[in-house]
Structures are given as C-alpha cells and as structure tokens.
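S.K.: My structure is below; once you've seen it, I'll send some questions.
The values are calculated or read from the model by the stated rules, or taken from the named source; none is laboratory data. All of these numbers come straight from a predicted model, not from anything done at the bench. So basically every Cβ, Gly included, is an ideal-geometry build from the backbone, and we count neighbours across all protein chains shown. These area figures cover heavy atoms from the full protein model, side chains too; ligands, DNA and RNA do not enter into them. Shrake-Rupley method; radii C 1.70, N 1.55, O 1.52, S 1.80 Å.
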Amino acid sequence: MEYIYGTWHWSISGFLIGMTMLILIYFGKSFGMSSNLRTLCSMAGAGKFSDFFKMDWREQKWSLAIVLGAIVGGFIAYHFLSNGSGVNLNPDTITQLQSLGIDAPNGKLLPDALFSIETLQSPKGFAILLIGGLLIGFGTRYAGGCTSGHAISGLSNLQLPSLVAVIGFFIGGLVMANFLLPIIFKTT
C-alpha cells in the first residue's frame, strides 16, 4: 500500500497525461482548465451581460468532467491516498523561503505568508493576491489559454503559439522567483 500512499514517480503522471492527450487528439478535443471557467459562466447566463460568454456551452460540457475530476481526485488523494507526511520541500528551498520571511509549509500545501486570513486582511497581502489574480486572469485570456492548456494540449498538438507561451511561462517564472519575489517579500 505504501506504493499508492507515497509520492508517485513523474513518469507515471507523464504517461497518463500522454495517454489522455492521445485520446483527446483522436476525438478532436483540446484540454485547458481556463476554458472551463468560460463554459461555467456561459451555463450560468453570463452571455446576457457580455458577448464573450455568448457560446453554446453544451458543446464544451464534456470538459467540465475534467474540473469535477480535478476536485474529486484532489479530495480523494488528500484524504484517502496520503501517508500523512504532507509536502516535503527541499531543504535549500526552505532556506530560500525563510530568507524571504516565508515560513515553510510544514506539511501544508500553501505557506501562511501567502495564503492565510491574516495575510488577506493586511493591505500588502490583499494587494498581492488581487494583483496576482488580475494578472493571471488577464494573461490567460491574452495568451489564449492557461499553462495546462498550452503546455499539455497545445504542445501535444504541435501549436507554435503554445510553444511561445510556454517559453514565456518559464521566463516569467524565473523572473518572478529570482527577482520579483525578493523585492515583494523583502524583510528589512
């Protein structure tokens, strides 16, 4: 049972994602989590307020199974397939986070310095979450999809815009981790 409860090797996930993409390509479908938000908003009647949401959501309802699967799968994995050790970060990562004033998650999925009620109530924490959410939302629409849509589905379909977007995601992540994070969380 430890094989199921422990951390799985990346090749298992890679193989399962690859098989899923082959099936989706075979049926002429594409995958992306951000497009599901548009489908949900269309289902809820947002098309009455914005032309962006005027679409036949019934054509995309199959993809809502992905959202449901992510939620249910995450719940099952956390509550029933976990050995209780939580998240184990590399000691170098913990040291770098501590130098920025960010506590180690200590088995939690998210550090309190970023995701806690106290952080949300502080002006700086609220601004970080609000600006970050707006940038992600704008960036997703501007790039024509999210990281999963481009990196998994777009690259599987050999789409050049997805390659450009994925390169941009990596560059943005490197800039954020090495330059902007130390400025935002400067402890002096």
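S.K.: Please name all residue pairs, on different chains or six or more residues apart, with Cβ atoms under 6 Å, provided the first residue is in segment 54-83 and is within 15 Å of Ser35 (Cβ to Cβ) and the second residue is part of a helix (DSSP H, G or I) and open to solvent by 70 Å² or more (accessible area, probe 1.4 Å).
M.R.: As it stands, the answer is Trp57/Met43, since those pairs meet every condition given.
S.K.: Just give me the residues in segment 28-42 being among the hydrophobic types (A, V, I, L, M, F, W, C), within 12 Å of Ser63 (Cβ to Cβ) and without any contact (Cβ under 8 Å) to a residue 60 or more places away in the chain, in sequence order.
M.R.: Residues satisfying the conditions are Leu37, Leu40.
S.K.: Now a separate question. Here's a check for you: in segment 69-90, which residue that is polar (S, T, N, Q) and open to solvent by less than 70 Å² (accessible area, probe 1.4 Å) is nearest to Thr20 (Cα to Cα)?
M.R.: Looking at residues that are polar (S, T, N, Q) and open to solvent by less than 70 Å² (accessible area, probe 1.4 Å), I get Ser82.
S.K.: Only one of Phe179, Phe115, Phe170 is of a type in the set (A, V, I, L, M, F, W, C), open to solvent by 90 Å² or more (accessible area, probe 1.4 Å) and under 30 Å from Gly28 (Cα atoms). Can you tell me which?
M.R.: Phe170
S.K.: Then there is this: Of these, Phe138, Phe126, Phe75, which one is assigned to a helix (DSSP H, G or I), of a type in the set (A, V, I, L, M, F, W, C), modelled with pLDDT of 80 or more and in contact with a Leu (Cβ under 9 Å, 6 or more places away or on another chain)?
M.R.: None of the others qualify; the one that does is Phe126.
S.K.: Hey, another quick one. So which pairs qualify, if the first residue must be in segment 109-120 and more than 23 Å from His79 (Cβ to Cβ), the second must be modelled with pLDDT under 80 and charged (D, E, K, R), the Cβ gap must be under 6 Å, and the two must be at least 6 apart or on different chains?
M.R.: Cβ pairs passing all conditions: Ala113/Asp103.
S.K.: On to the next question. Give segment 49-68 a look and list any residue that's open to solvent by 40 Å² or more (accessible area, probe 1.4 Å) and not in a loop (DSSP other than H, G, I, E, B), or say none.
M.R.: Matches in segment 49-68: Asp51, Phe52, Phe53, Trp57, Arg58, Glu59, Lys61, Trp62, Ala65, Ile66, Leu68.
S.K.: Determine, yes or no, whether Leu158 is loosely packed, with under 14 Cβ neighbours inside 10 Å and at pLDDT 85 or above.
M.R.: yes
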